[in-house]
Amino acid sequence: MTQQVSSQANSVRARKVLALIENSVSNKTALANIRDKAEDPFRILISTILSARTRDQVTEKVSDMLFSKYPDADSLAKANFSSVAKIVRPVNFYKGKTKKIIGASKLIVSKYRGVVPRTYEELLELPGVGRKTAGCVLVYGYKVSAIPVDVHVHRISNRIGLVKTKKPEDTEIALRELYDEKDWLAVNELFVSFGQTICLPVNPRCEICPVNFLCNYYAAKVN
Ligand code: SF4
C-alpha cells in the first residue's frame, strides 16, 4: 500500500530535487538517444522491451541493428523468429524478448494498422508491455505526460524520501501527486541518468551528490 509522505513541503522538495538533478546530469540514456535519432513510438516500444535487465549500451546497439533491418511494425511482424533472435542475442532473455517484439508488432499491424497505440489501456494489451514500458512509449514516443517508473526512479525516490513505497506502481501514483503535470515528461529521463551516474544501485556517490542535503538516505548515513 502506498504510504506517501504527501505534503506541500514534500512537493517543494521534489521540485528542487528535479531541478538540481537536471543541472547535474549530462549523460544521455539509451531511450533518449533512440528518441533523438528518430521520433518514433515503434522504436521506443521495441527498445524498451529489449532494455529489461540489459545495459544501455547493449540495448542501443542492438536496437540500431534491429531497426536497420526491421524499421517498422509491418516488417517486424513478418520477420521470422530465428532471424530476429540472431540480432537481439546480446540482450538478456533474448528468446523471450524476440517472441514479444514480434508478437507486439503483429498486434499493432492487425489491430492498429501499423501505428503504435497511444493510451495505457491499448498499450498494455501488447505482448511484453507492462506499465513502465507503456509509460516510456507515451513519454519518449508521443510526448504524452506520464511518469514511467523503472528501478532507478523507484530506488531514488525512496532513498531521498519523496515517497515511501514498496512497488513501482505505488511510486508512480505518489510521484504523480507530488509533481505538476508539466514536470512529468522529465522525471524518468533525469532520474535514470542520475541513477546511472550518481545515485548508483550499490554504493551511491552521496558525497558528490547535488541533492544530498535533501536526502533521507544521506541524512541517516551521516548521522
Ligand atoms: S545523497 Fe546518496 S542516496 Fe541520496 S540521492 Fe544522492 S546519491 Fe542517492
(message) For segment 176-208, which positions are within 14 Å of N23 (Cβ to Cβ), near the ligand (Cβ under 9 Å from one of its atoms) and either without any contact (Cβ under 8 Å) to a residue 12 or more places away in the chain or aliphatic (A, V, I, L, M) (or both)?
(response) I198, I208
(request) Identify all residues within segment 190-208 that are buried (at least 19 other Cβ atoms within 10 Å of the Cβ) and either among the basic types (K, R) or under 24 Å from Q8 (Cα atoms) (or both); write none if there are none. (result) L190, F191
(request) Kindly list the number of the only condition in (1) buried (at least 18 other Cβ atoms within 10 Å of the Cβ); (2) outside the structural domain of S193 (by TED's automatic domain parsing); (3) over 26 Å from R113 (Cα atoms) that fails for K86. (result) (1)
(message) With away from the ligand (no atom under 16 Å from the Cβ) and either closer than 30 Å to N212 by Cα or touching a residue at least 40 places away in the same chain (Cβ under 8 Å) (or both) as the only criterion, which of K166, K78 stands out?
(response) K166
(request) List the number of the failed condition for G141; all other conditions in (1) within 16 Å of the ligand (Cβ to nearest atom); (2) under 28 Å from L123 (Cβ atoms) hold. (result) (1)
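The values are calculated or read from the model by the stated rules, or taken from the named source; none is laboratory data. Bear in mind that the values here come from a model prediction, so they are computed numbers and not experimental data. Glycine gets a Cβ as well: all are built from the backbone with ideal geometry, and neighbour counts include every protein chain shown.
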